[in-house]
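Below is one structure, written out as structure tokens; comments come after it.
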Amino acid sequence: MPRDTRQRQAIRDVLDDAGRPLSPPDILKVARKRVPGLGQATVYRTIRALVDEGWLVTVELPGQAPHYERSGLAHHHHFRCRQCERVFEVGGCPGNLKSLTPPGFRLEGHELTLYGVCSTCASD
Ligand SMILES: [Zn+2]
Ligand SMILES: [Zn+2]
């Protein structure tokens, strides 16, 4: 396999295996175990390409560097652990946020980030 393809495959595998949004440094750390010598610039370039192709989407979190997750996931939200800073997917949705919308406003969507301590950090 050409080196480019191998690097790209490793980055996709890392994101598939994680099952949660990752930041570029997270991706680099894990992908480097599979492709020794993988560089930061390659990781950023590959992420950009995967976003352009629609394979990845950017997850914007308040006060955080962008994270990335697979596209095409059902509507969901995120939980950020304040200790380890990992971000997790949360399946549920409170739904019906229309009740929070001021009269006369048209609601078009919402984002919701829960934060606290993950189970791993809570058990330390
Ligand atoms: Zn944690
Ligand atoms: Zn929702």
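Structure values in brief
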| read-out | value |
| --- | --- |
| The range 91-110: number of residues that are exposed (fewer than 13 other Cβ atoms within 10 Å of the Cβ), in contact (Cβ under 8 Å) with a residue 12 or more places away in the chain and in contact with a Leu (Cβ under 6 Å, 6 or more places away or on another chain) | 0 |
| Number of the exception - residue 60 against (1) charged (D, E, K, R); (2) more than 30 Å from residue 1 (Cβ to Cβ); (3) away from ligand 2 (no atom under 16 Å from the Cβ); (4) surrounded by fewer than 16 Cβ atoms within 10 Å (Cβ to Cβ) | (3) |
| Within the range 46-102, tally of residues that are more than 13 Å from the chain's Cα centre (by Cα) and within 16 Å of ligand 1 (Cβ to nearest atom) | 4 |
| Only listed residue being open to solvent by less than 30 Å² (accessible area, probe 1.4 Å) and within 16 Å of ligand 2 (Cβ to nearest atom), chosen from 67, 77 | 77 |
| Subset tally (residues that are part of a loop (DSSP other than H, G, I, E, B) and either in the same structural domain as residue 60 (by TED's automatic domain parsing) or within 11 Å of ligand 1 (Cβ to nearest atom) (or both)) for the range 104-122 | 2 |
| Residue satisfying all of: in the range 44-88; part of a helix (DSSP H, G or I) and touching a Lys or Arg at 6+ places or on another chain (Cβ under 9 Å); farthest from residue 13 (Cα to Cα) among these | 49 |
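The values are calculated or read from the model by the stated rules, or taken from the named source; none is laboratory data. Because the structure is a prediction, the values reported are computed rather than measured. When we count neighbours, we look across all protein chains shown, and the Cβ atoms used for this are built from the backbone with ideal geometry, even at glycine. These area figures cover heavy atoms from the full protein model, side chains too; ligands, DNA and RNA do not enter into them. Shrake-Rupley method; radii C 1.70, N 1.55, O 1.52, S 1.80 Å.
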